[in-house]
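Only the coordinates and a few stated rules stand behind these numbers; no lab work does. None of these values were measured; they are calculated from a predicted model. Glycine gets a Cβ as well: all are built from the backbone with ideal geometry, and neighbour counts include every protein chain shown.
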């Protein structure tokens with residue numbers, strides 16, 4: 001009788017142990033799968049958050065809503081989402097507001113698409129030029145450095161009171177008010193006035 005009780009106790013213990021082992025085996029695998037999925041999602045989200053394109057950066061910043069609307073109207077989204085790299089001198093909403101009344105509304109009309117595209121591409125330079133590189137180029141060229149824009153016309157860069165100044169083809173000027181806004185396909189420098197091609 002004692003032997004039977006002992007055997008039964010071992011059998012019950014064995015079943016319990018096996019049951020626990022199965023639970024242990026299945027639970028970690030499920031947990032690991034869940035953790036891997038969650039981690040992958042986090043990495044994907046982080047990568048998207050850390051490396052938006054120039055258009056993505058502008059679209060996520062309330063200071064560039066007019067610029068984003070203009071880029072869409074000029075059908076330049078795909079171009080500025082391209083590989084690049086690009087350096088964009090991006091006018092803020094306040095910069096666009098300095099233009100004569102009605103200018104923006106007029107430029108956003110479909111019939112003025114090519115004119116708008118010409119103005120916007122005048123703010124874009126091929127290559128990635130962070131503020132330090134721009135300042136070095138200005139200093140190494142007797143205080144003025146001329147760059148060709150995607151529009152085809154040139155902009156002259158200079159320094160005044162430590163700030164980078166853009167002088168357009170018509171003699172108009174604009175100041176860089178925020179530099180080195182990183183994007184996955186280049187860099188943005190915010191400017192306080194819209195510069196105009198010829």
From the Cα centre of segment 141-191 to that of segment 79-116, the distance in Å is 16 Å
For segment 52-198, take every pair of Cα atoms, bin their distances at 10 Å starting from 0, and report each bin as a whole percent. 12, 46, 35, 7, 0
May I ask you to list the residues of segment 151-184 whose amide nitrogen lies under 15 Å from a point 7 Å from Cα along the Cα→beta-carbon direction of residue 51? 182-184
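Once R0 is set to 41 Å, what does the formula 1/(1 + (r/R0)^6) return for the Cβ-Cβ distance between residue 130 and residue 97, expressed as a FRET efficiency to the nearest 0.05? Working shown, then result.
On the way: r = 27 Å, r/R0 = 0.67.
Once rounded, the FRET efficiency stands at 0.90.
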Inter-label distance for residue 156 and residue 141, nm, one decimal - labels placed 7 Å from Cα along Cα-to-Cβ: 1.1 nm
